[in-house]
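To keep things clear, I will list the structure first and then write my remarks on it.
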Amino acid sequence: MEFKKPNLLSKEASVALWLQGKDAWNVWAKKNPDIGVDFSGVRFAIPDLLQIAPNNKVLLKANAEGDFSALTFVNYTFPHLADFSNTEFNIPAIFDNGTFNGTADFSKAIFSQNASFNGITFNCIASFYNAEFQNSIVFSDCNFKGNTLFTFSHFEMLAYFPSTTFHEVVGFDHSTFAGGTHFKNTKFLCKEVYFEYINCTDTFDFDELDAKKVITLSFKGSVFEKDFNISGHFKCVPDLRSTKLNHHTDLTSMIYTLNRKKVFFTPIKKVTDTLDIGRLCRLKELAEQNKSHDMALAFHADELRAKRWGRLNIVQSVMDIIYSVTSNYGQSIMRPLLLLVISFLLFNSYIISKSDIEIKSAYKPAATLSIATITPFLSISKEARGHSAQVLFEKQLPENFYLYSYAYASSSFLFLFLVGLGLRNRFRI
C-alpha cells in the first residue's frame, strides 16, 4: 500500500539519526514537523546496519556484546510519515511509548523477532498491510486515532491487543492467526471493524470489549480452528455468515442491537439493514449447534422482527406483531398467562352482569362457567357448563352470549397454547 510521501530523510540519514538516540531524534523531530523518515527496505541486522552506518560505535558495541537493548525506538516521536515498508527486523522491534504524528507505514514488513508496540499513539493511518510477524507481537494500551490496516497480515505466534483503543476503521481482512489472539478489554470507538476471511488456527479471544459505537462488525467467511470467544456490547448484529467454527462458541455474553427505524411518521419500525436477517439466522444456527436454546430463541425472535414489513407482507407482519406482543415469540410464560387471567376476568364480569341471580351468588357459577368454556377437552366441562348456565340464567341466555363465548374460548385457547409453548421452551433439554 502506497501513501503520498512528504519530504523524507534518506535511509542513510534516517538510520544515522536513529543511532544517535532518543534525545537527539526527538529534538530533530520537534524542529522538523514536516519531514518524514525513510526506513523502507532496511534490514535491521547488525551486518546490514553497519553497511549503512560503518564504524558506528553503538552498532559495534551491540555486535561485540550481543546486546540489542540500545537498538530500539522506545519513546521516539515520528513527526511525519514513518516509512518502514518492506523492512525486515532481525532484532527485537521495540517501539514502546512512541508517537507517530504522520502515517506509520509498516506494509510488507517482516518481524522475525519479538515486536512490542506498548503505549504507542498513532495519530494518523497505521498500516501493517501484508506484514509478517514471525514471533510474538504486543499492541498493549495503544491508541489508534486513524484508520488501522492489518489486511493480509500473518501472525505466526501470539498476537496481543489488550486495552488498546481504535478510533477509525479497523481492518484485519484475509489475515492469518497461527498463535493465540487476544483483544481483551479493547475499546472500539469506531464504526467499522472487519475480520473477514481470516484464518485462525489457535484460540481467538474477542471479549470484554467496549464496542458500543460499532455499527459494522464482520467475521464473514472466516475459519476458526479452535475456541472463538466473543463478548461485549455492539450497536449492530455481528456478521458470522459463512464462517467455519470447529469448537464450541459461547454467544451468551454478546449483547447486540437490531437497528430499526420508523417508517415515515408511523409507529411501524423497519430494519435498517436487510442483511441482518441472514446474520441473525447464522447466529441462530450457531446457538442451536451449541445447544444454547435460549439464545437460539432470542436470535430467532430478532430474525422475525427483521423480516417484518419487508420480507413479510402486511398480514404476516400483523400476525408477527401479535405473536411478539402476546408471548415474545414463545419466550415468555407470564405474558400469555396474564392475558389468560385478564380474559377470564372480563368474561366472568360479563356473565355476572347478565345473570338473573344476585351478584354474591353468581361468583361461583360464573367462574365455573368461564373455566368450563375454555376446557372442553375435560369430560366434566360439558356438564359443569350446562348446570352453571341454568343457575345463572333462569329465563334465557343473554343476547350475543354464544358470540362472546366463542371469542373468549378462542382467545383463551390461544393463550393456553402460548403458555404451553413458553413452558416447553423454558424447560427444553
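A short reminder: the numbers here are calculations on the coordinates, not readings from a lab. None of these values were measured; they are calculated from a predicted model. No Cβ is skipped: glycine too gets one built from the backbone with ideal geometry, and neighbour counts run over all protein chains shown.
Of the candidates 352, 314, 357, 333, the single residue that is in contact with a Phe, Trp or Tyr (Cβ under 8 Å, 6 or more places away or on another chain) and aliphatic (A, V, I, L, M) is 352.
If only residues of segment 122-150 that are among the polar types (S, T, N, Q) and within 18 Å of residue 98 (Cβ to Cβ) are counted, the one that is farthest from the chain's Cα centre (by Cα) is 123.
Just one of the listed residues (206, 150, 128) is free of Cβ contacts under 8 Å to residues at least 60 places away in the same chain, out of contact with any Pro (no Cβ under 6 Å at 6 or more places or on another chain) and within 21 Å of residue 233 (Cβ to Cβ), and it is 206. One residue stands out among those in segment 156-173 that are surrounded by fewer than 19 Cβ atoms within 10 Å (Cβ to Cβ) and of a type in the set (Ser, Thr, Tyr): the one that is farthest from residue 214 (Cα to Cα), which is 163. Taking segment 386-399 on its own, how many of its residues are surrounded by 12 or more Cβ atoms within 10 Å (Cβ to Cβ) and either of a type in the set (D, E, K, R) or part of a loop (DSSP other than H, G, I, E, B) (or both)? Number of matching residues: 3.
Residue count for segment 194-227 under the criterion of being touching a Cys at 6+ places or on another chain (Cβ under 8 Å) and either surrounded by fewer than 20 Cβ atoms within 10 Å (Cβ to Cβ) or within 23 Å of residue 273 (Cβ to Cβ) (or both): the result is 9. Among all residues of segment 170-187, there is at least one that is basic (Lys, Arg), part of a strand (DSSP E or B) and under 30 Å from residue 33 (Cα atoms). Residues in segment 148-182 that are farther than 23 Å from residue 223 by Cβ and in contact with a His (Cβ under 9 Å, 6 or more places away or on another chain): 1 in all. Does residue 265 fit the bill of being out of contact with any Gly (no Cβ under 6 Å at 6 or more places or on another chain), surrounded by 16 or more Cβ atoms within 10 Å (Cβ to Cβ) and not polar (S, T, N, Q)? It is false that residue 265 is out of contact with any Gly (no Cβ under 6 Å at 6 or more places or on another chain), surrounded by 16 or more Cβ atoms within 10 Å (Cβ to Cβ) and not polar (S, T, N, Q). Note on segment 260-311: residues that are touching a Phe, Trp or Tyr at 6+ places or on another chain (Cβ under 8 Å) and part of a loop (DSSP other than H, G, I, E, B) total 2. The residue of segment 136-160 that is nearest to residue 104 (Cα to Cα), among those that are part of a loop (DSSP other than H, G, I, E, B) and polar (S, T, N, Q), is 147.
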